[in-house]
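Structure record follows, encoded as structure tokens.
The values are calculated or read from the model by the stated rules, or taken from the named source; none is laboratory data. On a predicted model such as this, the values are computed, not experimentally measured, just so you know. Note: ideal-geometry Cβ built from the backbone for every residue, glycine included; neighbour counts use all protein chains shown.
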Amino acid sequence: MWNKLSSHCDDILVPLVNELEQLNATPMIQKQLEQLDKRIQEQKKQREILNHLASGEMIDSAFYMEQQNMISKNLKEYQRAKEQYLQKSRQRKELIQTKELIKQFKKGPQYLEVYDKTLFQAIVKKIIVNPNELVFELTNGLKLTERRK
């Protein structure tokens, strides 16, 4: 596997890095995630206060329903935005790990004649064994399938 990836690194991994870089244009993801978490917690707290006021019959049901709908809408919007930022965060991690893989292939030998445990563990996270194939999951999450003969 090392030999195949090493000789095709520029055909497989470099285009993957380019694609991930285009998708990952937002550098302040963590700060945005923290702001969204804060907004989500505020909305949950408002819902709790609203439920407390409604249970004590301190507000009428029409106002309660209106506020409840607005809170639910805001929560859905914030959670959807949070999921998008989490996806970007995962893509950023994949980008960093893919660049590390490329470095491994560039600094490592072009061709291996014997198994090298250290190099193998540096690029492969896990192996999935199926009846007719082996699936190698690389450290960047990329899965490569080798058919058994």
Considering (1) farther than 27 Å from residue 137 by Cβ; (2) charged (D, E, K, R); (3) assigned to a helix (DSSP H, G or I), say which one residue 4 fails and leave the rest.
-> (1)
Segment 37-89, subset of a type in the set (Ser, Thr, Tyr) and surrounded by 11 or more Cβ atoms within 10 Å (Cβ to Cβ), residue nearest to residue 17 (Cα to Cα) | 89
When segment 123-149 is checked residue by residue, the ones that are of a type outside the set (Lys, Arg), loosely packed, with under 14 Cβ neighbours inside 10 Å and not in a loop (DSSP other than H, G, I, E, B) are 127, 128, 129, 130, 133, 135, 145, 146
Output for Cβ contacts, cut-off 6 Å, separation at least six or different chains, first residue touching a residue at least 24 places away in the same chain (Cβ under 8 Å) in segment 44-55, second in a helix (DSSP H, G or I) and surrounded by 12 or more Cβ atoms within 10 Å (Cβ to Cβ), reads 46/71; 47/71
So which of 96, 123, 102 ends up being in contact with a strand residue (DSSP E or B) (Cβ under 7 Å, 6 or more places away or on another chain) and either of a type in the set (S, T, N, Q) or closer than 30 Å to residue 145 by Cβ (or both)?
-> 123
Restricting segment 78-115 to residues that are among the polar types (S, T, N, Q), over 9 Å from the mean Cα position of the chain (by Cα) and in a helix (DSSP H, G or I), which is modelled with the highest pLDDT?
-> 79
